[in-house]
């Protein structure tokens, strides 16, 4: 599937842009490795909303371990004094970004949740947003959902999200060089706070490709990998459909691409792209803050050969 001509064409394109790294693994072999300069190989890259997909894996681990009951557990188990509307919310509503909050992150907020970031108490800010539609009706991109999931996991497990990741995800996979920032209240930022090396982003993709196993040991259940990458809501034609904090590549008719492709995506062009049927993983780190989608377009055009 990955010919030398394809890789040569891809390299020509990415050298013209602010792409800082690109790794491609095909059938368990690293077939392409590009770094803008030597420093980029060892650099921690701010992966922005790729953080959300790592968080999804951690929610799956928490369910596997029994720290969280399941996706249908009400968030009222973790937050007191919710409104009657909010008491309808479950973890699944947060994972699919369908809580019904007024949250214009991809519209009037310009792609970044600055009102939340500038608030003194992020969780309080999120829970005080007005409800504008019934939970589960529509997906609207919402980093607040991810932050609530981080707060929930901390309450459920008695550990911060980064401590939980260190114990049950990162160390078992040999990921040691990372940074994960917290808000002013000490809650690890679930939506965009993580920095990783490019090779460790590839490891996350490999874990998903291997259906949750690493070196023969289960890190997260196969069922979670499958459930989190099912297309559940379609809102943004330019991107795809949404599962449990993973994007799924879909066509204009909202049908999943064939072969299946799912991906983590972060502002500025950070990607972990997985095509299981083709045993393919592609990662990008970029400084494309005016063109987040360009690496995805390169993947579609050069590797999938679709526009």
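The values are calculated or read from the model by the stated rules, or taken from the named source; none is laboratory data. The model shown is predicted, which means the values in this text are computed figures rather than measured ones. Virtual Cβ from ideal backbone geometry, glycine too; neighbours counted across all protein chains shown.
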Being in contact (Cβ under 8 Å) with a residue 60 or more places away in the chain and not in a loop (DSSP other than H, G, I, E, B) is the filter; apply it to the stretch 170-179 and report the residue that is surrounded by the fewest Cβ atoms within 10 Å (Cβ to Cβ). 179
Scan the stretch 138-162 residue by residue and report those that are outside any helix (DSSP H, G or I) and touching a residue at least 12 places away in the same chain (Cβ under 8 Å). 138, 139, 140, 141, 142, 160
Please give the number of the condition residue 234 fails out of (1) over 20 Å from residue 280 (Cα atoms); (2) out of contact with any strand residue (DSSP E or B) (no Cβ under 6 Å at 6 or more places or on another chain); (3) modelled with pLDDT under 95. (2)
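Let's see how each residue does on (1) in a helix (DSSP H, G or I); (2) out of contact with any helix residue (DSSP H, G or I) (no Cβ under 9 Å at 6 or more places or on another chain); (3) closer than 22 Å to residue 35 by Cα:
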{"position": "224", "(1), (2), (3)": "yes, no, no"}
{"position": "263", "(1), (2), (3)": "no, no, yes"}
{"position": "272", "(1), (2), (3)": "no, no, yes"}
{"position": "283", "(1), (2), (3)": "no, no, yes"}
{"position": "289", "(1), (2), (3)": "no, yes, yes"}
{"position": "300", "(1), (2), (3)": "yes, yes, yes"}
Could you please give the count of residues in the stretch 89-116 that are outside any loop (DSSP other than H, G, I, E, B) and in contact with a helix residue (DSSP H, G or I) (Cβ under 9 Å, 6 or more places away or on another chain)? 8
Across the stretch 1-25, the tally of residues that are surrounded by fewer than 19 Cβ atoms within 10 Å (Cβ to Cβ) and either at pLDDT 95 or above or assigned to a loop (DSSP other than H, G, I, E, B) (or both) stands at 5
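Let's see how each residue does on (1) in contact with a helix residue (DSSP H, G or I) (Cβ under 9 Å, 6 or more places away or on another chain); (2) farther than 20 Å from residue 50 by Cβ; (3) at pLDDT 95 or above; (4) assigned to a helix (DSSP H, G or I):
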residue: 136; (1), (2), (3), (4): yes, yes, yes, no
residue: 168; (1), (2), (3), (4): yes, no, yes, yes
residue: 185; (1), (2), (3), (4): yes, yes, yes, no
residue: 192; (1), (2), (3), (4): yes, no, yes, no
residue: 202; (1), (2), (3), (4): no, no, yes, yes
residue: 208; (1), (2), (3), (4): yes, no, yes, yes
Residues located in the stretch 267-279, provided they are out of contact with any strand residue (DSSP E or B) (no Cβ under 7 Å at 6 or more places or on another chain) and either crowded, with 24+ Cβ neighbours inside 10 Å or free of Cβ contacts under 8 Å to residues at least 40 places away in the same chain (or both): 275, 277
